[in-house]
Amino acid sequence: MTNSERFETLVNEYLKMDNTYKNPINCFLEFLTENNYKEKVFNLNITHIDEYFIYSFKKNIGIDTTLNTHIAALKSLFNFLLEKEIDFKGLLGYISSEKYRKKT
């Protein structure tokens, strides 16, 4: 199974448990696909996350409440991945910080 397939399987499992953030998660998947990041999804860094929010902003999520939803969606997904013993702790900490919210 490729990294891309594994990630999609995990995302589908996550969305079956809780589809509250289905649209923002799908936006994140679109971003990964459009930027050819799906195969290296388990090695994303803060630059990739910054790129995602720029991408999302261009998709008209510039409203604070929508931005908050996208941040909450990634936090929820990253927590799920941590429960599956996949290391997204650094990225979760990054998007959870007050400094990041102000920056974004």
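The values are calculated or read from the model by the stated rules, or taken from the named source; none is laboratory data. What you see is a predicted model; the values in this text were computed from it and never measured. Here Cβ is always computed from backbone atoms with ideal geometry, including for glycine, and neighbour counts include all displayed protein chains.
With respect to (1) farther than 20 Å from G93 by Cα; (2) in contact (Cβ under 8 Å) with a residue 24 or more places away in the chain, the lone exception for F53 is condition (1). If the condition is being under 17 Å from V11 (Cα atoms), among the hydrophobic types (A, V, I, L, M, F, W, C) and either touching a strand residue (DSSP E or B) at 6+ places or on another chain (Cβ under 9 Å) or in a helix (DSSP H, G or I) (or both), then region 27-48 contributes C27, F28, L29, F31, L32, V41, F42. Using the structure shown, decide if S76 is under 14 Å from N23 (Cα atoms) and at pLDDT 95 or above. For S76, the condition - under 14 Å from N23 (Cα atoms) and at pLDDT 95 or above - is met. Of the numbered criteria (1) in contact with an Asp or Glu (Cβ under 9 Å, 6 or more places away or on another chain); (2) surrounded by fewer than 17 Cβ atoms within 10 Å (Cβ to Cβ), the one F80 fails is (2). Mind listing just one residue for me: the one in region 55-73 that is surrounded by fewer than 16 Cβ atoms within 10 Å (Cβ to Cβ) and not in a helix (DSSP H, G or I) and, of those, modelled with the lowest pLDDT? Applying the filter and picking the extreme gives G62.
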